[in-house]
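The values are calculated or read from the model by the stated rules, or taken from the named source; none is laboratory data. Here the structure is a predicted model, which is why all the values come from computation and not from measurement. Please note: Cβ atoms are built from the backbone with ideal geometry, for glycine as well, and neighbour counts cover all protein chains shown. For accessibility, only protein heavy atoms count, side chains too; no ligands or nucleic acids. Shrake-Rupley method; radii C 1.70, N 1.55, O 1.52, S 1.80 Å.
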Amino acid sequence: MSKTPRPAAPYLVIAGEIRDRIRDGRLKPGDRVPSIRQIAGRWGVAIATATRVLATLREEGLVEAKVGAGTVVSAHGGRRRPPAPGRERSPALRAAEPTDRTAQRKRLLRSAVAIADSEGLEAVSMRRLAADLGAGPMSLYRYVANKEELLTQMADEVFGELELPAPGAREWRADLEMSARRQWRLCRRHLWLPRVISFTRPLLAPNMMAQTEWVLAALDGLGLPLPVRMHEALTLHALVVTLALSMAEETEAEQDTGITLAGWQAAQRTRARDLLDGGGFPLLAALSESAPTDLEELFEYGLARHLDGFAVFVANGSRRGAPRG
């Protein structure tokens with residue numbers, strides 16, 4: 001008696017459906033394919049399963065990551081690309097001398113950062129990293145203990161991109177403006193970064209800690225207790241991260257829906273006018289439709305007004321004596 005064939009794994013079924021659309025021309029080179037989140041929602045599967053779908057199509061050479069656009073149909077029509085030099089036969093990550101292990105760990109982190117930059121955090125997994133690096137998934141645990149540690153080290157890796165001069169070389173406000181703007185630009189380059197940062201369970205990451213230490217030193221000499229300086233460092237960082245989260249969410253929404261912010265606003269215009277013309281929100285109704293939604297503008301406004309207030313706090317403290325922490 002023959003056995004009933006076992007059904008194909010869900011990720012293979014979904015990958016097959018998308019593969020068919022690519023091969024029959026419904027999805028053309030450069031077209032965006034469903035994102036991990038869209039696959040999970042449309043087919044009712046877990047994020048891990050959706051991630052395997054795109055990993056399968058990527059391994060077949062049918063799709064590729066494109067920074068700013070997500071995952072798109074590959075231009076080379078599904079022909080497998082040749083492996084990168086040095087990956088033909090042996091794993092890229094292997095047992096090695098300590099100095100080599102440091103270099104391999106950095107390569108692992110840069111690969112993880114590149115995936116997160118182009119496809120989002122959901123696409124970062126040990127299986128995906130192993131495929132990209134030509135290594136066995138278990139070999140990666142020589143370098144990171146788990147996914148949480150991987151994310152911490154990724155964040156610390158990108159914070160290492162920030163270079164700041166010696167603190168105190170200029171007036172304190174100019175120092176804090178420079179620190180905040182450089183962190184803002186860092187979050188714009190790595191949209192996933194704000195999702196990794198926690199203020200209640202801070203990451204013990206040397207490069208991130210160095211940024212906080214720098215702000216504490218920049219505020220030295222103002223007569224402020226160290227706890228007050230720490231509150232200021234965290235508040236300044238929170239201002240950056242909060243708006244950077246909105247920027248990341250907007251980018252993800254555009255990638256997932258294919259609708260730009262301008263397109264979304266146009267679609268909402270009729271409902272907005274109905275609400276505003278009802279008379280319940282006279283002040284909002286008086287605003288022009290071009291009221292500021294630019295996050296860069298909001299960031300600069302928030303930074304300036306925060307530092308205005310902190311300057312008053314510092315001045316009052318110097319007149320009354322150092323404020324208590």
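I'm trying to understand the selection: among the residues of the range 140-150, which are farther than 12 Å from ALA130 by Cα, part of a helix (DSSP H, G or I) and open to solvent by less than 70 Å² (accessible area, probe 1.4 Å)?
GLU149, LEU150
Please state which one of VAL113, VAL63 is under 23 Å from TRP192 (Cα atoms), modelled with pLDDT of 80 or more, more than 19 Å from the chain's Cα centre (by Cα) and open to solvent by less than 70 Å² (accessible area, probe 1.4 Å).
Among VAL113, VAL63, only VAL63 is under 23 Å from TRP192 (Cα atoms), modelled with pLDDT of 80 or more, more than 19 Å from the chain's Cα centre (by Cα) and open to solvent by less than 70 Å² (accessible area, probe 1.4 Å).
Please list, ordered by first then second residue, the pairs with beta carbon atoms under 8 Å, 6 or more apart or interchain, first in the range 180-195 and farther than 17 Å from MET209 by Cα, second assigned to a helix (DSSP H, G or I) and among the β-branched types (Val, Ile, Thr).
Listed by first residue and then by second, the contacts come to ARG189/VAL158; HIS190/VAL113; HIS190/VAL158; LEU191/THR251.
Just checking, does the range 290-304 include any residue being at pLDDT below 80 and open to solvent by 90 Å² or more (accessible area, probe 1.4 Å)?
Yes, because at least one residue in the range 290-304 is at pLDDT below 80 and open to solvent by 90 Å² or more (accessible area, probe 1.4 Å).
Can we say THR235 is touching a Leu at 6+ places or on another chain (Cβ under 9 Å), hydroxyl-bearing (Ser, Thr, Tyr) and either open to solvent by less than 60 Å² (accessible area, probe 1.4 Å) or more than 18 Å from GLY120 (Cα to Cα) (or both)?
Judged against the criteria, THR235 is not a match.
Give all pairs with beta carbons closer than 6 Å in which a residue from the range 205-219 that is of a type in the set (S, T, N, Q) meets a residue that is surrounded by fewer than 17 Cβ atoms within 10 Å (Cβ to Cβ) and part of a loop (DSSP other than H, G, I, E, B); count only pairs at least 6 apart in sequence or on separate chains.
If the second residue must be surrounded by fewer than 17 Cβ atoms within 10 Å (Cβ to Cβ) and part of a loop (DSSP other than H, G, I, E, B), the pairs left are ASN207/GLY160.
Within the range 150-195, count every residue that is among the acidic types (Asp, Glu) and within 30 Å of PRO137 (Cβ to Cβ).
3
Where residues in the range 34-53 are touching a residue at least 40 places away in the same chain (Cβ under 8 Å) and hydroxyl-bearing (Ser, Thr, Tyr), which of them is farthest from GLU122 (Cα to Cα)?
SER35
Select from the range 252-275 the residues that are of a type outside the set (A, V, I, L, M, F, W, C) and either assigned to a loop (DSSP other than H, G, I, E, B) or touching a residue at least 60 places away in the same chain (Cβ under 8 Å) (or both) and write down the one among them that is surrounded by the fewest Cβ atoms within 10 Å (Cβ to Cβ).
GLY258
Within the range 16-33, identify whether any single residue is in contact (Cβ under 8 Å) with a residue 60 or more places away in the chain, open to solvent by 70 Å² or more (accessible area, probe 1.4 Å) and closer than 19 Å to GLU252 by Cβ, and answer yes or no.
Yes, the range 16-33 has at least one match.
Got a sec? Which of PHE310, PHE299 is over 30 Å from ALA40 (Cβ atoms), in contact (Cβ under 8 Å) with a residue 24 or more places away in the chain and in contact with a helix residue (DSSP H, G or I) (Cβ under 6 Å, 6 or more places away or on another chain)?
So the residue among PHE310, PHE299 that is over 30 Å from ALA40 (Cβ atoms), in contact (Cβ under 8 Å) with a residue 24 or more places away in the chain and in contact with a helix residue (DSSP H, G or I) (Cβ under 6 Å, 6 or more places away or on another chain) is PHE299.
Restricting the search to the range 34-50, which residues are in a helix (DSSP H, G or I) and open to solvent by 20 Å² or more (accessible area, probe 1.4 Å)?
If the condition is that a residue be in a helix (DSSP H, G or I) and open to solvent by 20 Å² or more (accessible area, probe 1.4 Å), then ARG37, GLN38, GLY41, ARG42, TRP43, ILE47, ALA48, THR49 are the ones that fit.
Given (1) open to solvent by less than 90 Å² (accessible area, probe 1.4 Å); (2) closer than 30 Å to ARG185 by Cα; (3) modelled with pLDDT of 75 or more, where does GLU249 come up short, assuming only one miss?
(1)
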